[in-house]
Amino acid sequence: MPKLKIKNSVQKRFKVTKNGKVLHGRQYRGHLRVKKSKKRLRRLKEPGQLQGLFAQKIKKMLGASSL
């Protein structure tokens with residue numbers, strides 16, 4: 001069976017931690033930042049965590065299913 005290719009678009013957007021958690025960047029941070037509160041922008045800096053079936057699919061696309 002051939003090796004699976006890693007999806008480059010997924011590789012740029014998601015990260016798998018050592019413990020197998022899937023992290024992603026937050027949305028709504030790109031533009032129109034003046035009207036967003038500083039508190040909101042600080043919270044948008046923190047990565048979000050995926051759970052469940054979607055996280056499993058991302059791991060499979062990254063070739064990290066062995067984690």
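The values are calculated or read from the model by the stated rules, or taken from the named source; none is laboratory data. Nothing here was measured: the structure is a model prediction, and the numbers come from that model. Every residue, glycine among them, receives a Cβ derived from its backbone with ideal geometry; neighbour counts consider all protein chains shown.
Data for the structure
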read-out: Considering residues of segment 1-47 that are within 27 Å of Lys60 (Cβ to Cβ), surrounded by fewer than 14 Cβ atoms within 10 Å (Cβ to Cβ) and aliphatic (A, V, I, L, M) only, the residue modelled with the lowest pLDDT; value: Met1
read-out: Of all residues in segment 48-67 being touching a Leu at 6+ places or on another chain (Cβ under 8 Å) and among the aliphatic types (A, V, I, L, M), the one that is surrounded by the fewest Cβ atoms within 10 Å (Cβ to Cβ); value: Leu50
